[in-house]
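Coordinate-derived values only; no laboratory data. Everything numeric here is computed off the predicted structure, so don't read it as measured data. Backbone-built Cβ (ideal geometry, glycine too); neighbour counts: all protein chains shown.
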Amino acid sequence: MSRLRAAVVGVGYLGRYHAEKYAAHEDVELVAVVDSDEARAREVAEALGVEALVDHAALRGRVDCVTVAVPTPLHHRITRDLLCAGMDVLVEKPLSSSVAQGQDLLECAAREQRVLQVGHLERFNPALQAVASQIVSPRFIECHRLAPFAERGTDVDVILDLMIHDLDLLLVLVGSPVRAVEAVGVPVLTNSVDIANARLRFANGCIANLTASRVSAKRERKLRIFQQDAYFSIDFDERRVRIFRREPVENGPPTLSYDELAAEEGDALRAEVDAFVQAVRARETPAVTGWDGLKALEVAEVIRESVETEVRAAEASR
């Protein structure tokens, strides 16, 4: 089969890496990179030996698939334009700025019969993949996603910037609808929420507690999962997993075994791009669908509404 023609729209911090993955992919020809900052587009294009463009409309008829890695408020418009122009799209998380926009993108992808994949990168993290098959009916999950402050990503609040990663993972691991949400959050260095905590209750009884901060002293990305027979502690940055498991003992009380795994070396972004390329080639459902992205966005929107309610109540009590 001929190589897929690809492009990347938005070659800032993350988009640049997407472009590099396409350029190195044996089944893909990177045709162009697009960025409203002409100097940045030209810099990345020259490094990879492709064309630099400043308008995504110029891609029509020239490429088969595109990564969209622009600021979140632009996701809907640009992704919709590309889908309607006959291109398959991998859009970075979150799917869009609102549930209504996300629903529109799903409808557009279905109508145009295009592949729409959402860039929830942690699905491809080697540490999670090393134990995913062992996680069965979790009862309690605790997520911490903390980062020092950086300007990148502040076009949205910390819920859409960071917490959305863990919301996607929770929905996959628990496999049950969210029934109740309690959340609080505060702005610190921006005009939107920079630190947030949410407690989710799922229909099957599982409870999840999530904390996300983009104004922390250090970076931390950890997931702790408790189920009937085991406890898993996953460090996404170090790609290490600690497992505590209850072991039955004949004629005696059970004991607790301990194991630590160092996940095999892997490139999560390359795996994500590979999955997208496979879906485009085979015309099959992608690894992380538009519907997956929409479900995470729906929970994020409920959390944001809960935070706003708490803020209004606090202001009224002053």
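Using a Gaussian network model of the chain whose springs link C-alpha atoms within less than 10 Å, name the residue from 155, 168, 229 with the highest mean-square fluctuation. Looking only at 155, 168, 229, the largest GNM fluctuation is found for 229. Along region 82-89 the Karplus relation, 6.51 cos²θ - 1.76 cosθ + 1.60 evaluated at θ = phi - 60°, assigns HN-Hα couplings of 5, 4, 5, 8, x, 10, 7, 10 Hz to successive residues, with x for each Gly and Pro. Structural descriptor for region 182-291: relative contact order 11 percent, calculated from alpha carbon pairs under 8 angstrom and at least 6 residues apart. Close amide H contacts of residue 147 (hydrogens built in the peptide plane, cut-off under 5 Å, sequence separation of 5 or more or a different chain): 213, 214, 215, 216, 220. Each of 295, 222 has some number of other Cβ atoms within 10 Å of its Cβ, and from fewest to most they run 222, 295.
For region 239-277, the residues whose backbone nitrogen is under 15 Å from a point 7 Å from the Cα of residue 136, taken along Cα to Cβ, are 245-248.
With neighbours defined as other Cβ atoms within 10 Å of a residue's Cβ, the residues 154, 255 order from fewest to most as 255, 154.
Summarising the strand pairing of region 41-144, around 0 percent of its internal DSSP beta bridges are antiparallel. When only Cα pairs below 8 angstrom with a gap of at least 6 residues are kept, region 150-216 shows a relative contact order of 33 percent.
What lysines could a cross-link reach from residue 295, if we take a straight Cα to Cα line under 24 Å and drop same-chain neighbours fewer than 8 places away? The reachable lysines, counting only those whose Cα sits under 24 Å from residue 295, are 93, 222.
The value of relative contact order for the chain, using C-alpha pairs under 8 Å at least six residues apart, is 17 percent. Across region 114-131, coupling constants 3J(HN,Hα) worked out from phi with the 6.51/-1.76/1.60 Karplus curve, θ = phi - 60°, read 10, 6, 10, 10, 10, x, 7, 5, 5, 4, 9, 5, x, 5, 5, 5, 5, 10 Hz, and Gly and Pro carry x. Bridge orientation summary for the chain: considering DSSP beta bridges with both residues in this region, about 60 percent are antiparallel. Each of 242, 40, 283 has some number of other Cβ atoms within 10 Å of its Cβ, and from fewest to most they run 283, 242, 40.
Note on mean projected area of the Cα convex hull in nm²: of the candidates (1) 16.3; (2) 17.3; (3) 19.3, the value calculated from this structure sits at (3).
Summing charges over neighbours of residue 82, with a neighbour being any other residue whose Cβ is under 9 Å away from its Cβ, gives +1 when K and R count +1 and D and E count -1.
Here the Karplus relation 6.51 cos²θ - 1.76 cosθ + 1.60, evaluated at θ = phi - 60°, turns the backbone of region 12-27 into coupling constants of x, 3, 7, x, 4, 5, 4, 4, 5, 5, 5, 4, 8, 7, 5, 9 Hz, with x for every Gly and Pro. A Cβ-based charge dipole, computed about the Cα centre of the chain with Lys and Arg at +1 and Asp and Glu at -1, lands at about 520 debye.
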